[in-house]
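The values are calculated or read from the model by the stated rules, or taken from the named source; none is laboratory data. Everything numeric here is computed off the predicted structure, so don't read it as measured data. Here the Cβ positions follow ideal geometry from the backbone for every residue, glycine too, while neighbour counts run over all protein chains shown. Each accessible area value is taken on the protein alone, full model and side chains, heavy atoms only, with ligands, DNA and RNA left out. Shrake-Rupley method; radii C 1.70, N 1.55, O 1.52, S 1.80 Å.
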Amino acid sequence: MQKPPPQSVDFALKQTSPNIGAGAVTGDKLSCTYDLVEQMQYLYVRVVKAKDLPGKDVTGSCDPYVEVKLGNYKGVTKHFEKKSNPEWNQVFGFSKERIQASILEVFVKDKDVVVDDLIGRVVFDVNEIPKRVPPDSPLAPQWYRLEDRKGNKAKGELMLAVWMGTQADEAFPDAWHSDAASVGPDGVTNIRSKVYLSPKLWYVRVNVIEAQDLVPSDKGRFPEVFVKAVLGNQALGTRISPSKTINPMWNEDLIFVVAEPFEEPLFLSVEDRVGSNKDETLGKCVIPLQVVQRRLDHKPVNSRWHNLEKHVIVDGEKKEMKFASRIHLRICLEGGYHVLDESTHCSSDLRPTAKQLWRPNIGILELGILSAHGLMPMKTKDGRGTTDAYCVAKYGQKWIRTRTIVDNFMPRWNEQYTWEVFDPCTVITIGVFDNGHIHGGAGGAKDARIGKVRIRLSTLEADRVYTHSYPLLVLHSSGVKKTGEVQLAVRFTCSTLINMLHMYSHPLLPKMHYIHPLSVIQLDSLRHQAMQIVSVRLSRAEPPLRKEVVEYMLDVDSHMWSMRRSKANFFRIMGVLSGLIAVGKWFDQLCNWRNPITTILIHILFIILVLYPELILPTVFLYLFLIGIWNYRWRPLHPPHMDTRLSHADAAHPDELDEEFDTFPTSRPSDIVRMRYDRLRSIGGRVQTVIGDLATQGERLQSLLSWRDPRATTLFVTFCLIAAIVLYVTPFQVVALLIGLYALRHPRFRHKLPSVPLNFFRRLPARSDSML
């Protein structure tokens, strides 16, 4: 296959050699469990509580808070009003590489309008602070007597724990970090690292069978009845029943997506189409999903009759009227399907909803998010460019978010995460974002995307640590831009090789997708709904994983039209077909004796295979085996990454990119829309011509025996009769040998004119002359 030209070096993957513990033999416990990241030493201070604090105000009360100071860095707890025994239970983390002071000071102060009063302090010598490495138990906090600035005992005590640790410490995710010193106590929650779980998603299948004893308002007409179902913000309807009576039948399936816990019930209403835009409600029913039966396979669940209720207005008041109308339904929660919430080409999870159907895991995926460098300024603060970067990684139902490194174009996270792997043919997605909500963030503030990386697990060798610097590429309306690089360490550990190899024989999706398949249109709509549910649920977490982040990670807009992407897909198809084209060119060279020695060898091989046909399949598979072994030397040594050349991102026309980033419906002026429409028409015309040519060739094949051209069909059936007699009396090997030798004949015995069979085929009629 012809390889595309390499992309720019600036956009290429780079192998790195970070100072991580993987593969190293050290005595440190950290290198065993946290070995894909560089060790970062931190000084941790856990401020638990205080007691017996004296009152400093005129009223005799105090509004205490704690200030932890180490050199130029200081962290502050929230303050309590009029409380002498406050509890904070807050952790502060100071990066050791930034520590220049030799003394750690912990102040207890009284919040005041003008100047905050000092209640007391505790002082530690940094060199005397103990070191702690997990899995050691956490250091127990102790009571310390407060001192004044002169070292004399003051009233009150403070409970603290102070230790030196690493990012493997349990306190690390919840700590206030010195590299976020500019963030106030209220913004700390927006910068912490966090692990999120996607909500458990189910398909709800509503099989609407029939209704009975409906009461339309106009009894003199045939009712045109359909059923409307609403679940959350999803609304679906059946077709109008073909039996236009008061006992209509549908037997139609409506499918929704829903997430646990089930917050919304299913609303069903039976409607009568009384006019072009007017529907009359004949009855309603509400079904809570908590009582709906769950099924794990294709066996039908029990159907039930549900009474319909109707609201009528009596004396200006809405009253509920129960009557004999009812509807026959079969409703179930489908546990045998996998609810697709990502693009199918980069899915990270393929398991069915029901946990009972899960297979055991086949391995562990470990990801070390080390650092980024060369990040672009994403926003302006105090007249200068700044970036507050954090990473999000998504695999399966587990999302992780690193802490935000404030105001740094070369952030170092050095955080490691682990996922269970159930299928090797899945993809992990890592995105880098700029935090727009650290300093409160305006109502419309968004977390800007810096770039994204995808790694397919099946392309990784087991138990090997991959350390690479991945380019962060973002497509803008002005073109593709590199916004920096992110350094990752990845290891896929396979628990049982046999189980993993056996996975390649299993269907990609759960068996229900093949026994009762959903249509492509249904899957597309359901995927969109699932994405919306996931983004809403994760945006309600604390700190929220915001909608724009989730949508970028899940590729929400991947289905939108893009001229650039269409070109890229066309050239991908041409790349796949290039192998066949190359074989055709090679055969043409053989037939034209460009290399006589090769042609003679092929003649000999052909004669051997004709005389010994049992060697044909072994020869083919041996040839494929040798090609595979030969290509092993040039196997990829690094995971695939975003390719600007393959995506046609580096050569896209500005107008094509502007069209790709246009809203839906369009917001561009009418003259631009007209120009794009005309361009689309011209492309559509070319596609239409190609499709017409394909149809013509197919119709010519059909017309061989259809007698549309009586003379052509007479010639063909006569030829078939003669060929049948000749092939019956002639051994097949002789026929094959003659045909092969004729195809490989020397150019001296060839003519430049087309062959007789090709001339005959091109003269056959097609239905193109019947087209308007």
- Item | Accessible surface of Trp707 - all protein chains present, 1.4 Å probe, nearest 10 Å² | 140 Å²
- Message: I want the local charge near Ala50. Using Cβ-Cβ distances under 10 Å, sum +1 for each Lys or Arg and -1 for each Asp or Glu among the other residues.
- Response: 0
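Could you work out what % of the accessible surface of the chain is carbon and sulfur, using a 1.4 angstrom probe and leaving DNA, RNA and ligands out of the count?
On the way: 25150 of 43080 Å².
Its accessible area is 58 percent carbon and sulfur atoms.
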- Query: Just from its helices, what would the mean residue ellipticity at 222 nm be for the chain, if runs of 4 or more DSSP H residues each count -39500 (n - 2.57) and the sum is divided by every residue, rounded to the nearest 500 deg cm²/dmol?
  - Reply: -7500 deg cm²/dmol
- Tilt relative to the chain, helix 732-743 - C-alpha long axis, 0 to 90 degrees, to 10: 80 degrees
- Query: Relative to the Cα centre, what is the charge dipole magnitude of the chain, using +1 at the beta carbon of each Lys and Arg, -1 at the beta carbon of each Asp and Glu, and rounding to the nearest 20 debye?
  - Reply: 2200 debye
- Message: With a cut-off of 8 Å between alpha carbons and a minimum separation of six or more residues, what is the relative contact order of the range 655-772 in percent?
- Response: 38 percent
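Measuring with a 1.4 Å probe in the full set of protein chains, what accessible area per residue, in whole Å², belongs to the chain? Let's see the in-between values first.
On the way: 43080 Å² over 772 residues.
On a per-residue basis, 56 Å².
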- Item | Gyration tensor (Cα) of the range 563-770, equivalent ellipsoid semi-axes in angstrom | 45, 31, 15
- Query: So for the pair Glu548, Ser61, with labels modelled 7 Å out along Cα→Cβ, what separation do we get in nm?
  - Reply: 4.2 nm
- Query: If you find the alpha carbon centre of the range 605-656 and of the range 108-133, how far apart are they in angstrom?
  - Reply: 67 Å
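Assign one of three labels to the chain, namely rounded, prolate or oblate, based on the Cα gyration tensor with a ≥ b ≥ c the square roots of its eigenvalues; rounded applies when a/c is under 1.5, prolate when it is not and a/b is larger than b/c, and oblate otherwise. Let's see the in-between values first.
On the way: a/c = 2.47, a/b = 1.48, b/c = 1.67.
It comes out oblate by the Cα gyration axes.
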- Message: What is the angle, in °, between the Cα long axis of helix 520-539 and the longest principal axis of the Cα atoms in the chain? Nearest 10 is fine, range 0 to 90.
- Response: 10 degrees
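GluC sites (Glu not before Pro) within the range 413-522: which are DSSP loop residues with at most 15 other Cβ atoms inside 10 Å?
Glu461
Can you figure out the FRET efficiency of Ala140 with Leu501, using R₀ = 56 Å and their beta-carbon distance, to the nearest 0.05?
Values: r = 49 Å, r/R0 = 0.88.
Plugging the Cβ-Cβ distance into 1/(1 + (r/R0)^6) gives 0.70.
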- Two pseudo-spin positions, 7 Å from Cα along C-beta at Leu772 and at Asp174, lie apart in nanometres by 7.4 nm
- Query: Using a 1.4 angstrom probe and counting only protein chains, how large is the accessible area of Phe571 in Å², to 10?
  - Reply: 110 Å²
- Note on the structure: Taking max minus min of the Cα coordinates of the range 623-738 on each principal axis, largest first, gives extents in Å of 71, 51, 19
- Item | Net lengthening on full extension, Thr16/Ile683 (0.36 nm per residue, minus Cα-Cα) | 235.7 nm
- Message: I'd like the orientation of helix 563-591 relative to the chain: the angle between its Cα long axis and the longest Cα principal axis, in ° from 0 to 90, rounded to 10.
- Response: 40 degrees
- Note on the structure: Sorted by chain and number, the residues with a modelled amide H under 5 Å from that of Ala448, at a separation of 5 or more or across chains, are Asp434, Gly436
- Query: Amide H of Lys111: which non-local residues (sequence gap of 5 or more, or other chain) have their own amide H closer than 5 Å, using H built in the peptide plane?
  - Reply: Asp63, Tyr65
- Item | Mean separation of Cα contacts under 8 Å (6+ apart) over length of the chain, as relative contact order % | 11 percent
